[in-house]
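The values are calculated or read from the model by the stated rules, or taken from the named source; none is laboratory data. Since we're looking at a predicted model, the values are computed, not measured. All Cβ positions, even for glycine, are placed from backbone atoms using ideal geometry, and neighbour counts span all protein chains on display.
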Amino acid sequence: MKYDIVIIGAGPAGLSFARSLKDSSLKVLLVERSSLETLRTPPEDGREIALTHLSVEMMKDSGAWQQLAKDDVSPICAAKVLDGDSSYTLNFDNTEADLDALGYLVPNDKIRKAYFEVVEGIDNLELLTETSVEDVGSTTENAWVQLSNGDRVECDLLVSADSRFSETRRKMGVPASMKDFSRTAIVCRMEHSVPHNQTAFECFHYGRTLAILPMTGNLSSIVVTVSSAEADSIFNMSEEAFAADIEQRLQGQLGNMKLYGRRHLYPLVAVHANKFISRRFAVIGDAAVGMHPVTAHGFNLGLRSQETLAKEIKSALAQSRDIGSASVLEKYQTNHMRVTKPLYMGTNLVVGLFTNDNFAAKVVRKATLRVANNFAPLKQIITRKLTEKKIDIPFFLPGLK
């Protein structure tokens, strides 16, 4: 069997990439090990995705944004960053940035469902579920995939979107750098008696990090990041004890807290592929870059990766060029590497600084928050990076106009 493109993995990156190719003449196969029913109705996994303005625009262009219910989307209008036991906060506000919101919070399962709805039934797409990949390879002429159902398919371009621990990436000889933070995120939803006013909190307490992300109504997503050695004991606390602990760490800012649904555990490992391409092969989504969640850029980079690759493929088609050629793939790699590498390294530096509790690090942490809070141009640059929205920066250096 022969296809133009085979995509491995029907997560948001794989689905959005398939959607980006809808209006092309390409014959596309999407391979996913999950069932069709799971894709249609993804289970709640505790993860809430903070979408940047650029990601929202991409979702609107694909039609996926329009599939979301009103209650699925919660604007983040302000954000506060705290360090240790200090009451001093680094503040970000949508009114200062002249934006409707800094970003938008949407449950991961709702995003997956929305993308599946705009992909299902696409004429040039074949979806193969409950099927895994047993082997892959490529020649100068084509790439090939050996499937668990016994089929062997060939394609001009093979694209991997099968998680940060991608087996396809490894089998295609694409190395990746991994950073195990030896920390685990405990993720859940909680109700509270005091409104959050659409404000997110990032609390770098000593020994653990607590993130509060505003959902619809008096409901917030809670992310507790601790040493992996402590994770099980905190995860297994009674609901009452867990709620009381969160309440105390927030110093009562959200009033009485109550667990809403179940808790989830996610070990934190960041991944950045050393390159994004091989012979007739490319990685997108988490298979390309899997970020630490502290700057909330992982999902957003995944959407950008597929858009960048799709753009290069469409350009090649318009010029009657081979979509799997090295020249096409190298353009994708260059453009996406330019975006991801600084963000990946910068995020890891932030994590390293704000999870280091020695005296020198504590001094630098507090100084960093104050400088960022009081130096307007720097704060605006940070806001622009976090929101992926163009913001005018009224700041001039000598000699520049």
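Considered as a group, the residues in the range 184-201 that are in a strand (DSSP E or B) and in contact with a Gly (Cβ under 7 Å, 6 or more places away or on another chain) include one that is farthest from residue 234 (Cα to Cα), and that residue is 192.
Considering (1) in contact with a helix residue (DSSP H, G or I) (Cβ under 7 Å, 6 or more places away or on another chain); (2) surrounded by fewer than 24 Cβ atoms within 10 Å (Cβ to Cβ); (3) not aliphatic (A, V, I, L, M), the lone condition that residue 346 does not fulfil carries the number (1). Selection within the range 179-236: residues that are in contact (Cβ under 8 Å) with a residue 60 or more places away in the chain and aromatic (Phe, Trp, Tyr). The member of this set that is farthest from residue 81 (Cα to Cα) is 181. (1) crowded, with 24+ Cβ neighbours inside 10 Å; (2) under 27 Å from residue 50 (Cα atoms): which one isn't true of residue 313, the others all being true? With respect to (1) crowded, with 24+ Cβ neighbours inside 10 Å; (2) under 27 Å from residue 50 (Cα atoms), residue 313 is out only on (2).
Just a yes or no: is a residue in the range 13-26 surrounded by fewer than 24 Cβ atoms within 10 Å (Cβ to Cβ) and touching a Cys at 6+ places or on another chain (Cβ under 6 Å)? Looking through the range 13-26, none of the residues is surrounded by fewer than 24 Cβ atoms within 10 Å (Cβ to Cβ) and touching a Cys at 6+ places or on another chain (Cβ under 6 Å). Being surrounded by fewer than 15 Cβ atoms within 10 Å (Cβ to Cβ), within 27 Å of residue 163 (Cα to Cα) and among the charged types (D, E, K, R) is a condition met by no residue of the range 71-89. Note on the range 37-69: residues that are among the basic types (Lys, Arg) and under 20 Å from residue 300 (Cα atoms) total 2. Is it true that some residue in the range 175-196 is at positive phi and at pLDDT 95 or above? The answer is no, given that none of the residues of the range 175-196 is at positive phi and at pLDDT 95 or above.
Taking first residues from the range 104-121 that are under 18 Å from residue 22 (Cα atoms) and in contact (Cβ under 8 Å) with a residue 12 or more places away in the chain and partners that are among the basic types (Lys, Arg) and buried (at least 23 other Cβ atoms within 10 Å of the Cβ), the Cβ contacts under 9 Å between residues at least 6 apart in sequence or on separate chains come to 115/19; 118/19; 119/19. The residues listed here are 130, 126; of these, the one that is touching a strand residue (DSSP E or B) at 6+ places or on another chain (Cβ under 8 Å), surrounded by fewer than 17 Cβ atoms within 10 Å (Cβ to Cβ) and under 16 Å from residue 9 (Cα atoms) is 126.
Being among the basic types (Lys, Arg), out of contact with any strand residue (DSSP E or B) (no Cβ under 7 Å at 6 or more places or on another chain) and within 30 Å of residue 110 (Cβ to Cβ) is a description that does not apply to residue 331. Criterion applied to 145, 174, 118, 159 was being over 19 Å from the mean Cα position of the chain (by Cα), in a strand (DSSP E or B) and within 23 Å of residue 288 (Cβ to Cβ), and the one residue passing it is 145.
Applying the set (1) within 25 Å of residue 185 (Cα to Cα); (2) surrounded by 15 or more Cβ atoms within 10 Å (Cβ to Cβ) to residue 63 leaves exactly one unmet item: (1). For the range 262-284, the criterion of a residue being small (Gly, Ala, Ser) and surrounded by fewer than 14 Cβ atoms within 10 Å (Cβ to Cβ) is satisfied by no position. Taking the criterion of being within 14 Å of residue 72 (Cα to Cα) and surrounded by fewer than 20 Cβ atoms within 10 Å (Cβ to Cβ), the residues of the range 99-109 that qualify are 108, 109.
When 343, 386 are checked against the criterion of being within 30 Å of residue 56 (Cβ to Cβ), under 24 Å from the mean Cα position of the chain (by Cα) and at pLDDT below 85, a single residue qualifies: 386. Only one of the numbered conditions (1) over 25 Å from residue 282 (Cβ atoms); (2) of a type outside the set (Phe, Trp, Tyr); (3) out of contact with any Asp or Glu (no Cβ under 8 Å at 6 or more places or on another chain) is not met by residue 61, and that is (1). The set of residues from the range 324-345 being without any contact (Cβ under 8 Å) to a residue 24 or more places away in the chain and in a helix (DSSP H, G or I) comprises 327, 328, 331, 334, 338, 342, 345.
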